[in-house]
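Since every read-out is calculated from the coordinates, none of them should be taken as a lab result. All figures in this text were calculated on a predicted structure; none of them were measured in a lab. Please note: Cβ atoms are built from the backbone with ideal geometry, for glycine as well, and neighbour counts cover all protein chains shown.
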Amino acid sequence: MQKVILFKKEVTYGTDSVPTPAANAVLTRNFQAPKPVEVDQLDRKLDLPAKGRRKSAPTNRRSPYAFEVELAGSGAAGTAAAWMELLECCGMAAPTITAATKAEQKFAAEGVALSSGSCYHWMSEQRVRPLGSRGTWGCDFTANQYPFLKLNMIGLLSAGVGVDATVPGGAPDFTRWKDPLEVNTANTDFLLDGHALILQSLTIDANKDVKPRNLVGANYVNLGDHALTGRIRGEAPSIAAKNHFTLLDSGAEMVMQLIHGTVAGNIVQLDAAHVQVLDIDRSEEDDKLMLDISIGLNIVAGQDDLLFTAK
C-alpha cells in the first residue's frame, strides 16, 4: 500500500504551511492512522416519552496518527537533522546551531510558544490534512537494530476538510533523511554514572500530555507537562565493577550519555545530567544475568533533563 507523509512546521498555529513532496517528505516506517477523522458525540440527553437512542452531533474533529523515523545525523555537522523539526512539534525548542560543529535540542522552557505542524498524509489514494499537529515521542536504541524515534501526533481538521483522493503532486524527496547506523560496539558508546554497561537496549519516553482543547475563541492541541522515563537493559556487571543497587537505594542522580556514530555529520548523542534509578529487575538470557533498570530523567535548573545533539 502506498504511504506518503509530508510534514512542515507552521508559522501560525493551525494555519496550513502547505508541505510539498519536494521539500517536506518524511521517511517514515510503521505509519498508522486508523481513525483519520475522530470526533466526540454531543448528546442532548433529553427526557422523552419513548425509549431508544436519539441523534447526536459530532464535535471536536481531529486526526490522530503515529509513525517512526530513523535516528541519523543530517549529513553535515552544524546542520539540524530532519527529525529535529518533528521534535519541535512535541514540545522541544528549535535546535541551537554551532556552525560546522553541531545542532543541539532540548525541551522548550516554560512560557515559550510551542511549535506545531501541518501534515498531509496518504494511505493508498486517501489523503488527510491535519493542521496544528502536536504530539509526544519516544526513542529506542537496541543492539543489532537501527535507532528510531516513535511519534504519536494529533492534528485538527478544518471545517469541511476530511478524507479526499487528491494526489500528492510529485515524488517525495527523501534526501534530507540520511541512512542510520546499526546500534553495536563499533558505532555506539554508553555510560551510566561513568560505567560502560554492556548495553542491550535503551528506551526513553517523553510522556508528554497531549490533548485537544475546544473552547470559545480557541481550538488547539495542547501540550502539557512531560516526565521523561526510560529503561536500560544490559548485562549485569560484577558488584565490584558497579553496584547499581546502591544507586537505587540512595536515590542519587547521575549522568547518562549515549553517543551513536563515529563520523562527523552522522553522530547522534544523548546527554542526561540528572538520571535517577527507579527500579531494577533481574532476568536471565543466554546464561547471562541481565539487569532491567527503570530510570527517570529529572530537571534541576531549566530544561536540563535531556539534550539531543546531532554533530
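With springs only between Cα atoms under 10 Å apart, run a GNM on the chain and tell me which of P34, P58, P95 wobbles the most.
P58
Considering only Cα-Cα distances, which of the following residue pairs are longer than 21 Å: K9/K208; K102/K242; K9/K211? Numbers along the way, then the final one.
On the way: K9/K208 19 Å; K102/K242 32 Å; K9/K211 19 Å.
Over 21 Å apart, Cα to Cα: K102/K242.
If you add up the charges near E235, with Lys and Arg at +1 and Asp and Glu at -1, over every other residue whose beta carbon is less than 13 angstrom from its beta carbon, what do you get?
-1
Work out from phi, with θ = phi - 60° and the Karplus expression 6.51 cos²θ - 1.76 cosθ + 1.60, the ³J(HN,Hα) of each residue of segment 162-172, listed in order in whole Hz, and give x for Gly and Pro.
Listing the rounded values in order: x, 9, 9, 10, 6, 6, x, x, x, 7, x Hz.
Any idea what the dipole of the chain comes to, in debye rounded to 20, about its Cα centre with Lys/Arg Cβ at +1 and Asp/Glu Cβ at -1? List each step's numbers first, then the result.
Details: 30 positive and 36 negative charges, 355 e Å.
Computed about the Cα centre, the dipole is about 1700 debye.
Please compute the net charge surrounding A33, taking Lys and Arg as +1 and Asp and Glu as -1 over other residues with Cβ under 15 Å from its Cβ. Let's see the in-between values first.
Values: positive: K3, R29, K35, R61, R62, R127, R129, K150; negative: E38, E68, E125, D164.
Result for the neighbourhood of A33: +4.
By a straight-distance test (C-alpha under 15 Å), which aspartates and glutamates pair with K288 as possible cross-link partners, with residues fewer than eight away in the same chain excluded?
E235
Name the residues whose placed amide hydrogens come within less than 5 Å of the amide hydrogen of G265, ignoring near sequence neighbours (fewer than 5 apart) on the same chain.
Result for G265 returns A77, K311.
How large is ³J(HN,Hα), in whole Hz, for each residue of segment 4-20 in order, when computed from phi with the Karplus curve 6.51 cos²θ - 1.76 cosθ + 1.60 and θ = phi - 60°, using x for Gly and Pro?
10, 10, 10, 8, 9, 4, 8, 7, 10, 3, x, 9, 3, 8, 6, x, 10
If you put +1 on each Lys and Arg Cβ and -1 on each Asp and Glu Cβ, how big is the dipole of segment 1-51 around its Cα centre, in Debye rounded to 20?
Values: 8 positive and 6 negative charges, 44 e Å.
About 200 debye.
Semi-axes of segment 241-293's equivalent ellipsoid from the Cα gyration tensor, sqrt of 5 times each eigenvalue, largest first, rounded to whole Å?
Working: eigenvalues 134, 67, 13 Å².
Whole-Å semi-axes of the equivalent ellipsoid: 26, 18, 8.
Under the rule of at least 5 residues apart or a separate chain, name every residue whose amide H is placed under 5 Å from the amide H of A80.
none
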